[in-house]
């Protein structure tokens, strides 16, 4: 299947100027679960509350899927230089958790540095309106390679980490990673944002230049898409490049390094 050709490097972490992005592992789940008990975060992310057991099951599901990339965001200001290489059991781990995913031994320092997450999903591309004979013939043609868009989402769960430009860094880093290690076979980068989430609407529309494609009122959300050249084969990279330009114009440094996990 097409999706099995997408590659997720679970042994890599990403460093930017202010963040470390690490794969979502079982050691992160208890703190993530604590975040998602917040009524505010549930409303802004259109999420349903889960039990801790359900959160562990969802983390495992995300890890095994071929159609997505999920990173936990760590604030570098809260990490000593050696923290990336620590892999000691903590109060957030149990032997059973380690058996399920041996690389999930997360240090207390890493858990303390968690501030949010960033996600990228492959979703079926929007089909353009069709009204001609050629379109009918195309639909009758033999099975073609599926066409996908990439949905990007970011959450800064820790209120003390907001308004520092970290969400922009996380989005840019995730898209650079997607371009380098995951897939470039996408036609657009899309953000689906709750109409109640003013902070995310401001980020994607006003700061990063996404434009509104459609509103889905039954879900109280809006589809925002980054404008790119039709037919471009480097959509994720192009989108990341423009976001990086925005970061640099705001006076903040930009860097991207992949390091062994």
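Quick note: the coordinates plus some simple rules give every number you see, no bench work behind them. Just so we're clear, the structure is a prediction, and the values are computed from it rather than from any experiment. A quick note on method: Cβ atoms are made from the backbone with ideal geometry, for glycine too, and the neighbour counts reach across all protein chains shown.
Ordered by the count of other Cβ atoms within 10 Å of each Cβ, fewest first, 168, 153, 250 give 250, 153, 168. Per residue, the convex hull spanned by the Cα atoms of region 174-240 measures out at 89 cubic angstrom. Going from the fewest other Cβ atoms within 10 Å to the most, the residues 210, 257 appear in the order 257, 210.
Extension gain for residue 57 to residue 112 (0.36 nm times residue separation, less C-alpha to C-alpha distance): 17.6 nm. For region 147-261, the alpha carbon convex hull comes to 126 Å³ per residue, rounded to a whole number. Each Cα pair under 8 Å and six or more residues apart adds its sequence gap; the mean of these over the residue count of region 147-259 is a relative contact order of 30 percent.
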